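Okay, so here's the structure we're looking at.
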Amino acid sequence: TRAGMDIVGGIDSWTDAAATYEHNLPGHRCMVADLATVSPREVGSFFGIRPGDIDIIAGGPPCQGFSTIGRRNDEDPRNRLWNHFRDIVAAFEPKYLLIENVEGLIVAQGGRIRDSILRSFERIGYHIECRLLRAGDYGVPQLRKRTIFLGHRIGEAHVEFPEPLIDEHLTVADAIFDLPELKSRQSAETYTRKPQTAYQKARRKDVEHLTHHEAANHPPHLVKILSHIPDGGNRKSIPDRIQPRSGFHNSYARLASWKPAIAITSTMRKPSSARSTHPQQNRGLTVREGLRLQSFDDDFIVLGSRTSQYLQVGNAVPPLFAEAIGRQLVNAFHARKARKGERLLFS
């Protein structure tokens with residue numbers, strides 16, 4: 001929307017995600033359906049669209065088996081869900097398409113999965129390219145890498161990948177240090193300080209009521225463990241007598257306040273998972289802090305249980321990242337309209 005598109009709606013198999021979508025985008029409908037089982041005819045009936053009506057289709061078919069986080073499983077059946085996205089593209093014949101996916105997809109099986117996707121879309125009449133992009137290059141305070149596929153129907157104007165928009169990455173402090181300090185189990189519903197950076201001001205807008213800022217319920221021994229870890233530090237600073245017996249090498253590690261965050265995941269509230277502990281406070285991140293690091297504005301509300309909220313935030317595409325890519329699609333659309341002498345639909 002911020003890039004200049006008129007959105008028809010969305011499709012998701014997860015009820016909570018669909019509810020969050022419709023709550024934050026009034027007037028936009030989200031069809032709760034699994035593309036593996038729903039037919040293009042049903043999709044067309046739900047949105048009132050026919051082949052050729054849609055200019056751009058964007059999607060993020062799950063491919064968790066290729067993720068660089070956790071154990072990679074090339075045989076995960078979710079790795080093939082992009083086939084159903086391709087079938088929707090084939091049915092509705094958009095001029096442009098966008099696929100967002102995990103970092104590991106671009107090199108999975110020596111690039112064979114990537115090449116298979118490229119060939120598959122070429123067979124239905126699309127020229128498609130892929131590149132690994134980093135959200136931090138587009139104003140997101142997070143070093144989140146994602147495989148991005150951009151394509152156009154053969155005969156349409158080519159779409160270019162976005163160039164980095166900033167020279168210096170935003171940091172965790174730039175993003176969240178205006179939010180109230182919390183201890184384990186505490187929450188806050190009011191801001192206690194003014195925005196300190198342009199990024200904080202842009203995310204807060206004119207919001208007065210703070211939401212989703214509630215710390216996890218950490219046991220006292222975990223709080224004590226965290227108290228030994230400095231800003232940006234890791235479990236090496238924990239005394240041997242209380243050193244946790246489990247966890248990965250990067251668990252019980254703090255985000256560095258002076259750097260962008262690593263990729264935000266659904267386990268951001270758990271210090272025992274990855275580098276997701278608050279840089280200075282002895283707790284994991286709140287949902288609101290996760291949203292800030294993903295570049296969502298403070299008026300964005302996530303519905304569902306607390307566990308569901310964290311999962312939705314971790315799965316999300318950062319809005320500023322999406323906007324940068326979206327502008328490239330809009331630019332290509334403008335170029336093809338101008339080339340054909342047609343009236344532009346966007347201002």
Across region 177-236, what fraction of all alpha-carbon pairs, as a whole percent, falls in each successive 5 Å bin from zero upward?
4, 16, 20, 19, 16, 14, 10, 2, 0
Proximal aspartates and glutamates relative to K95, as straight alpha-carbon distance under 15 Å, when same-chain residues fewer than 8 apart are discounted:
D6, D53, D55, D87, E122, E129, E156, E160, E342
With springs only between Cα atoms under 10 Å apart, run a GNM on the chain and tell me which of P230, P219, P319 wobbles the most.
P219
Taking amide H positions as placed in the peptide plane 1.01 Å from N, state which residues far from Y126 in sequence (5 or more) or on other chains have amide H under 5 Å from it.
I154
Alpha-carbon Rg with Dmax, taken over region 261-343, Å:
17.8, 60
How many angstrom lie between the C-alpha centres of region 215-252 and region 121-182?
33 Å
Calculated from DSSP H runs of 4 or more alone, at -39500 (n - 2.57) each and per residue, what is the 222 nm mean residue ellipticity of the chain, nearest 500?
-8500 deg cm²/dmol
Can you list which of the GluC sites (Glu not before Pro) found in region 156-261 are DSSP loop residues with at most 15 other C-beta atoms within 10 Å?
E160, E168, E181, E189, E208
Pick from T286, T171, T15 the residue whose mean-square fluctuation is largest in a GNM of the chain, springs joining Cα atoms under 10 Å.
T15
Cα gyration tensor of region 191-304, axes a ≥ b ≥ c as square roots of the eigenvalues: rounded (a/c below 1.5), prolate (a/b > b/c) or oblate?
prolate
Using the Kirkwood radius over Cα pairs, work out the Stokes-Einstein diffusion coefficient for region 93-174 at 4 °C and 1.567 mPa s, in µm²/s as a whole number.
93 µm²/s
Where chymotrypsin sites (Phe, Trp or Tyr not before Pro) in DSSP loops with at most 14 other Cβ within 10 Å are excluded, longest remaining stretch of the chain:
1-247
Distance check, please: which entries in K194/K259; K183/K270; K224/K270; K205/K259 exceed 20 angstrom between their Cα atoms?
K194/K259; K205/K259
So between F161 and D6, what do we pick up on full extension, going 0.36 nm a residue minus the alpha carbon distance?
53.7 nm
Can you tell which of S266, S45, S227 shows the greatest fluctuation in a Gaussian network model of the chain with Cα springs below 10 Å?
S45
FRET E, pair D115, S246, Förster distance 41 Å, beta-carbon r, rounded to 0.05
0.60
Is the C-alpha gyration tensor of region 131-185 telling us rounded, prolate or oblate? Criteria: a/c under 1.5 is rounded; beyond that, a/b larger than b/c is prolate, otherwise oblate.
prolate
For the chain, give the share of DSSP beta bridges that are antiparallel, in percent and rounded to the nearest 5; count only bridges with both residues there.
60 percent
Where in the chain is the longest stretch that carries no trypsin sites (Lys or Arg not before Pro) classed as loop by DSSP and with at most 13 other Cβ atoms within 10 Å?
72-182
Quickly work out the K194-to-D87 label distance, labels modelled 7 Å from Cα along the C-beta direction, and quote it in nm with one decimal.
5.7 nm
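Coordinate-derived values only; no laboratory data. Because the structure is a prediction, the values reported are computed rather than measured. Heads up, the Cβs are rebuilt from the backbone with ideal geometry, glycines too, and the neighbour counts pull from every protein chain shown.
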